[in-house]
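Take this structure, written in structure tokens, and hold onto it; I'll ask about it next.
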Amino acid sequence: MNNDIVDLLNALHDGSMTIEEVAEKFRGRSWPRRSQSLPKNYDELARSDLQDPDHYIPGSYDDVAAAYHGGRLTDAQYAILINAIAESKTAEDNYRGQ
């Protein structure tokens, strides 16, 4: 299965794309979202603390975080890319009227 986010991060890492080009691609795509409800009381909060972390979602922010934690992105590159993801999600929310 092809993962366009990993491909873009690899292109950034090997220098075949600039951070600006990758950020623009990030802004122009839809990002998968996790659906989870917030705990309503202490018991729900305690149960949620005991649950396993969310599973990896290919083609999501998870790939960006993995690249950053793996040393393939600088702090500055990471900041630019997560801002691009946030801009994309905000634009999508605005389009949907949320």
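Derivation of every value follows stated rules applied to the coordinates shown; laboratory data play no part. It should be emphasised that the depicted structure is a prediction, and the values quoted were computed from it without experimental measurement. Backbone-built Cβ (ideal geometry, glycine too); neighbour counts: all protein chains shown.
With contacts defined as alpha carbon pairs under 8 Å and 6 or more residues apart, what's the relative contact order of the chain in percent? Before the final figure, lay out the partial values.
Numbers: 61 pairs, mean separation 41.0, N = 98.
Relative contact order comes out at 42 percent.
Taking the Cα atoms of region 18-71, report the difference between the largest and smallest coordinate on each principal axis, in whole Å and largest first.
The principal-axis extents, from largest down, are 47, 24, 15 Å.
If you look at just the Cα atoms of the chain, how large are its Rg and its Dmax in Å?
Using the Cα atoms of the chain, the pair Rg, Dmax is 15.8, 50 Å.
Would you kindly state how much longer the chain becomes between Ser48 and Glu21 on full extension, computed as 0.36 nm times their sequence separation minus their alpha carbon distance, in nm to one decimal?
Fully extending the segment from Ser48 to Glu21 adds 5.9 nm.
What does the charge count around Val22 come to, taking other residues whose C-beta lies under 15 Å from its C-beta (Lys +1, Arg +1, Asp -1, Glu -1)?
Summing Lys and Arg as +1 and Asp and Glu as -1 gives -4.
Which of the peptides 22-34, 38-50 is most tightly packed, and how do the rest follow, judged by the mean count of other Cβ atoms within 10 Å per residue?
Values: 22-34: 15.2, 38-50: 9.3.
The peptides rank, most packed first, as 22-34, 38-50.
For region 1-40, just list the percent of Cα-Cα distances falling in each 5 Å bin from zero outward, please.
Calculated over all Cα pairs of region 1-40, the distribution is 6, 20, 22, 18, 11, 7, 7, 5, 2, 0 percent.
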